[in-house]
Amino acid sequence: MERYLSVGSSFLRKQYLPHLLVTLFFCAMSGFFVSFRNLSPRQAAKVMEMFVIFVGILLLTPLFMPEQNREVWLLEKSKRMALWQVYLVRVFQAIVILALIVTVFIGILHLGNSEFQTKKLWIGSFCETCFLGSVGFCISGITNQVVLGYMVSVLYFIGNIGGSKYFGKLALFRMMNDNFSFIPWMAVGTVILLIAGIVVREKLNR
């Protein structure tokens, strides 16, 4: 356990901090772009689906970034802990932070006297945010290009605007229509994409 804590702490301080700061800045600026006061269930869902969802892209997509540098990858590979374990530690950290941010935004909506079902909105927002971030994570892992991960996840978001019917069970923006049937599908999809990103990256870099 001590090794995992050490790896996670080192990553947070030395490589992940800029991404966290960008995410926190994005969250801090949210009040200038959206309202959190006196919202209906549909409006509260819209805030989470059209704004907070980007936190997943910001937190999950760059987790492979240090190893884009071949020398860093070789250095990490030479250490006692397997790289897939290192990646899992990073994913766990990112998901915990993501869950905290979703919780904070849900709390802000409550403080603004908005009306919604807390549990359903939290779970739905968490699943959508994780799923969209895992799209970028998987693409960056397969291509070794974090920029492509950002691009594909953003394109997935844009493609769902007006075209969500083409994405089936993995379509975004359904909470606004009080439809939460996507939750198990996106939960499974997130796990598959996260595992695929790690496994494929390991095979391609051997």
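Where a number appears in this text, it was derived from the coordinates with a stated rule and is not lab data. Everything numeric here is computed off the predicted structure, so don't read it as measured data. In this analysis, Cβ positions are derived from the backbone assuming ideal geometry, glycine residues included, and neighbour counts consider all displayed protein chains.
If packing is taken as the mean number of other Cβ atoms within 10 Å per residue, what is the order of 9-18, 139-148, highest first?
Going from most to least packed, we get 139-148, 9-18.
Where does helix 118-143 land angle-wise versus the long Cα axis of the chain, in degrees 0 to 90, nearest 10?
30 degrees
Enter the angle in degrees (range 0 to 90, nearest 10) between the Cα long axis of helix 183-204 and the first principal axis of the Cα atoms of the chain, meaning the one along which they spread out most.
20 degrees
What are the ³J(HN,Hα) values, in whole Hz, obtained from phi via the Karplus relation 6.51 cos²θ - 1.76 cosθ + 1.60 with θ = phi - 60°, for each residue of the stretch 97-103 in sequence order, with x given for Gly and Pro?
Here the 3J(HN,Hα) series is 4, 4, 4, 5, 5, 4, 4 Hz.
Quick check: the distance between the Cα centres of the stretch 86-105 and the stretch 1-25, to the nearest angstrom?
After rounding, the separation between the Cα centres reads 11 Å.
Determine, for each peptide in 90-102, 26-38, the mean count of other beta carbons within 10 angstrom over its residues, then list the peptides with the highest first.
90-102, 26-38
In the chain, how many lysine pairs have Cα atoms under 27 Å apart, counting only pairs 8 or more places apart or on different chains?
13
Give the angle, between 0 and 90 degrees and rounded to the nearest 10, that separates the Cα long axis of helix 17-28 from the longest principal axis of the Cα atoms of the chain.
10 degrees
If you split all Cα-Cα distances of the chain into 5 Å bins from zero, what percentages do you get per bin, shortest first?
Taking all Cα pairs of the chain, the binned fractions are 1, 7, 15, 19, 19, 15, 10, 7, 4, 1, 0 percent.
Would you mind computing, in nm to one decimal, how far apart the modelled labels at Lys203 and Ala82 are, each placed 7 Å from Cα along Cα→Cβ?
1.5 nm
Which of Phe180, Leu132, Val199 sits farthest toward the positive end of the charge dipole of the stretch 111-206, with +1 on the Cβ of Lys and Arg and -1 on the Cβ of Asp and Glu?
Comparing the listed Cα positions along the dipole, Val199 ranks first.
Return the distance in nm (one decimal) between the two label points of a simple spin-label model at Ser10 and Met29, each offset 7 Å from Cα along Cα→Cβ.
About 3.3 nm, to one decimal.
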